[in-house]
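Input: a single structure, listed below in structure tokens.
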Amino acid sequence: MKLLLVLGLSTLALLPLLVLSQSMWDSAMWTWLSGNNTVYDVGAYGTIGVPSVSNYPGGRTAHSVLFHPSSNCLFVFGGHGRATSSIHGMFPVINLESFKFIKGDLNDLWMFNITSQMWTWVSGNNTVKAVGAYGTKGVPSVSNYPGGRTGHSMVFHPSMNCLFVFGGSGRATSATAGMFPVINLND
């Protein structure tokens with residue numbers, strides 16, 4: 001039996017990926033597979049759609065994780081944390097140490113391939129507090145993505161081969177971001 005654990009501690013905001021292997025004859029042993037053990041670590045995004053041993057999501061809390069059985073992959077979406085080291089929304093960060101506590105809602109989707117042990121940044125932004133780009137209802141597009149959010153739900157629909165994300169608290173569109181910075185979402 002193996003248990004994969006993606007940590008997101010609210011006080012430390014760590015995102016190491018650990019696996020617990022246990023059989024009836026062994027004692028439990030944890031193995032650190034990926035990520036950093038640094039508090040408030042930022043993500044290493046790389047290029048969207050390109051897996052790399054150098055890629056990993058930043059530390060976060062209130063995110064969703066699910067296992068996709070046919071691809072042997074974990075998917076991580078959103079949450080509250082830090083994105084990249086040099087970008088905070090539209091404002092560049094000059095001195096990272098001065099801004100190590102800048103966190104916000106994330107809308108990035110990551111995939112961890114358990115076989116290759118590599119992360120892929122699948123979609124979303126590499127900034128915090130991103131608003132959604134929804135496009136036309138019922139029309140899929142690579143330029144559509146949900147806004148940053150926490151406390152949402154995510155499920156996998158096997159026959160449609162789709163991930164579904166629903167609700168949470170966060171940002172919907174630029175039209176609502178000014179009036180209601182963080183709202184309960186039903187998209």
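Bear in mind that the values in this text are calculations on the coordinates, not laboratory data. The structure displayed is predicted, hence computed values, not measured ones. Cβ coordinates were reconstructed from backbone atoms using ideal geometry, including for glycine residues, and neighbour counts include every protein chain displayed.
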* Asked: What ranking do 114-124, 73-83 get when scored by the average of other Cβ atoms within 10 Å per residue, highest first?
  -> 73-83, 114-124
* To do: Which order do the peptides 137-143, 46-52, 103-109, 126-132 take when ranked by the mean count of other beta-carbon atoms within 10 Å per residue, highest first?
  => 103-109, 126-132, 46-52, 137-143
* To do: Taking 7 Å along the Cα-to-C-beta vector as the label spot, tell me the SER116-PHE164 distance in nanometres, rounded to one decimal.
  => 2.9 nm
* **For the range 64-74, Karplus couplings with θ = phi - 60° (6.51, -1.76, 1.60), whole Hz, Gly/Pro x** => 10, 9, 9, 9, 9, x, 6, 9, 6, 10, 9
* To do: Compute the FRET efficiency between TRP30 and HIS157 as 1/(1 + (r/R0)^6), taking r as their Cβ-Cβ distance and R0 = 41 Å, and round to the nearest 0.05.
  => 0.85
